[in-house]
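Student: If you scroll down you'll find the structure; I have some questions about it.
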Amino acid sequence: MDLEIKRPIVTKDHEAMIHNHWAIVCRGTAVFQKEKHLTPTKFFAKTFYATLFKIAPGSRPMFRSSMTVQGKALTGLVAVMATVMKADNVVETCQDLARMHARFGATKAHYSSVGTALLETLEIVSGPEWSAEIRSAYLTSYCLLYYLMLPVILETPRRPIQTSLPGHIARKDALGANTVRLLIVLDFPLRYHPGDSILLGVPLPTGEVRRSYVITSLHSPGASTFEICVQAIGEASKWLCAASLDAAVNVYWINPGVHFETDTFTSIPHRLLFISHGISVAPFFAMIKGLYAIKSQYEGDVAALQCYEGPPIAYFQRPFEGDWANCHIVTAAKFTVTGALDLTPDLAQRHLYISGPVEFVQEATRHFIEAGGAESNIVVYSFDNTPFIEEAASAQQMMITL
Ligand SMILES: Cc1cc2nc3c(=O)[nH]c(=O)nc-3n(C[C@H](O)[C@H](O)[C@H](O)COP(=O)(O)OP(=O)(O)OC[C@H]3O[C@@H](n4cnc5c(N)ncnc54)[C@H](O)[C@@H]3O)c2cc1C
Ligand code: HEM
């Protein structure tokens, strides 16, 4: 996009048009599909990042927090565009943002890419609600923000974009015979949801390998630490389990998981069943912890069946301190239908979240369906690293060729 409006004047009509149009987008337009997109704002956020990374692939590594959390910052940006003339301290706010963005590595050219991606996204998610007038209102407002930021963009030295950030292990506790809990510190305030995982670069003696690990802590604003639990299965996990305090790891970004967004809990199903095998309990541990944190608003009923070949790991059976009548966690040596039905006689009405080795998942989901469960109510939390590693490799490749 050329930021072609050189003297952008945002009128009351522009603001009203953006305000009304955005309200329609947030309610869901004719092109929004609930099954596919989940919520209108997720549809918007996913489309925006897919479009931006197509236009400016080198910008991928800058966005380290969960896409869905960033999506909310993005909706905040549209809200600013709708009220830019009325907002207090708009110049100061924009210029502070520009300084922050220079630290992330944003260039002048990135502002064009973001503007283009924003307009293309708005057009896609609007369907029949898009028009030349609405485009012009958004463009004018974006250009105004850009020109307010421009002096700072031009004068602030920007940090080069790094493919990954250095982090280090600050704490380590044994959870079981070959399972540890690690606290990792890095100089970046990551934002994430329960169920999200982190893509780590593990510096093996033979060279770095990348693996995902579920974040088992809950996000707290401003904090730049996170916790993961690791079972020594293969090379990378064995390295992490044996690593000494202060050992360095590289942190890429958050992989959004099953979107347990506790801040928009109305989209979370009410009758939940989590079935896991071994360390695959980690995402469900974090999700139950997240649900407990909002238990006064969330009226759901949570059941978890944790299967362990060896002794159960006590840590995972206590995702929270205190009582919660609507949550039942049991352990078993292996998955059986009787065990699952004892825990949840209403199995057929439940949303099943399952994680573990392929055969385990296949058997348990088959029984769930035989017991009357709906296939559409099954979410498999996959431990397959391939898509995440491919994404990181292609972003790095793009940076090299830019
Ligand atoms: C989204 C996501 C979240 C993850 N979260 C965690 C986590 O919180 N804690 C954790 O320890 N691991 C987690 N993993 C798995 C982790 O990324 C590693 O793949 C795994 O620990 C083994 O990596 P490795 O290099 O040690 O061995 P690899 O050489 O990569 O793997 C060795 C073998 O073990 C298999 N394998 C990997 N994980 C499992 C499993 N759970 N059950 C059975 N077989 C498995 C692999 O397919 C491979 O055949 C997660 C993976 C993904 C994609
Ligand atoms: C008018 C233009 C823009 C506005 C108003 C804007 C606004 C914002 C806001 C409000 C946040 C959230 C800050 C927070 O939560 O603390 C944010 C985060 C961010 N923005 Fe922008 N932004 C703009 C352009 C850009 C551009 C051009 C880039 C570069 C491609 C960019 C990259 C980022 C990144 C990387 C983050 C942090 C993401 C993370 O947490 O991982 N933004 N932006």
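Student: List every residue pair whose Cβ atoms sit under 6 Å apart, with the two residues 6 or more apart in sequence or on different chains, where the first one lies in the range 84-111 and is on the phi > 0 side of the Ramachandran plot and the second, anywhere, is in a helix (DSSP H, G or I) and surrounded by 12 or more Cβ atoms within 10 Å (Cβ to Cβ).
Tutor: 105/62
Student: Now a separate question. Does residue 53 count as farther than 29 Å from residue 189 by Cβ and not aliphatic (A, V, I, L, M)?
Tutor: Here the answer is no, as residue 53 does not meet what is asked.
Student: Does at least one position in the range 326-346 carry a residue that is within 26 Å of the chain's Cα centre (by Cα), more than 21 Å from residue 258 (Cβ to Cβ), within 16 Å of ligand 1 (Cβ to nearest atom) and not in a strand (DSSP E or B)?
Tutor: No, there is no match, as no residue in the range 326-346 is within 26 Å of the chain's Cα centre (by Cα), more than 21 Å from residue 258 (Cβ to Cβ), within 16 Å of ligand 1 (Cβ to nearest atom) and not in a strand (DSSP E or B).
Student: Go through (1) over 25 Å from residue 252 (Cα atoms); (2) outside the structural domain of residue 112 (by the TED database) for residue 131 and report which single condition fails.
Tutor: Against the list (1) over 25 Å from residue 252 (Cα atoms); (2) outside the structural domain of residue 112 (by the TED database), residue 131 comes up short only on (2).
Student: Of everything in the range 198-221 that's of a type in the set (Ser, Thr, Tyr) and closer than 16 Å to residue 240 by Cα, which residue is surrounded by the most Cβ atoms within 10 Å (Cβ to Cβ)?
Tutor: Restricting to residues being of a type in the set (Ser, Thr, Tyr) and closer than 16 Å to residue 240 by Cα, the top hit is 213.
Student: Further question: When only residues in the range 112-138 that are over 21 Å from residue 71 (Cβ atoms) and hydrophobic (A, V, I, L, M, F, W, C) count, which is nearest to the chain's Cα centre (by Cα)?
Tutor: 137
Student: Take the residues of the range 241-262 that are more than 14 Å from residue 198 (Cα to Cα) and either assigned to a strand (DSSP E or B) or more than 13 Å from the chain's Cα centre (by Cα) (or both): which is nearest to ligand 2 (Cβ to nearest atom)?
Tutor: Looking at the filtered set, the residue picked out is 248.
Student: Let me ask another. Please name all residue pairs, on different chains or six or more residues apart, with Cβ atoms under 6 Å, provided the first residue is in the range 8-32 and is without any contact (Cβ under 8 Å) to a residue 24 or more places away in the chain and the second residue is assigned to a helix (DSSP H, G or I).
Tutor: Sorted first by the residue in the range 8-32, then by its partner, the pairs are 28/40.
Student: Condition test on residue 58, is it in a helix (DSSP H, G or I), within 12 Å of ligand 2 (Cβ to nearest atom), without any contact (Cβ under 8 Å) to a residue 40 or more places away in the chain and touching a helix residue (DSSP H, G or I) at 6+ places or on another chain (Cβ under 9 Å)?
Tutor: No: the conditions fail for residue 58.
Each row is one residue, and each column tells you yes or no for (1) surrounded by 14 or more Cβ atoms within 10 Å (Cβ to Cβ); (2) touching a Leu at 6+ places or on another chain (Cβ under 8 Å); (3) closer than 26 Å to residue 64 by Cα.
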| residue | (1), (2), (3) |
| --- | --- |
| 245 | no, no, yes |
| 267 | no, yes, yes |
| 281 | yes, no, yes |
| 334 | no, no, no |
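Student: Which of the residues spanning the range 19-48 are polar (S, T, N, Q), under 20 Å from residue 117 (Cβ atoms) and in a helix (DSSP H, G or I)?
Tutor: 41, 47, listed by residue number.
The values are calculated or read from the model by the stated rules, or taken from the named source; none is laboratory data. What you are looking at is a predicted structure, and each value in this text was computed from that prediction instead of being measured. So basically every Cβ, Gly included, is an ideal-geometry build from the backbone, and we count neighbours across all protein chains shown.
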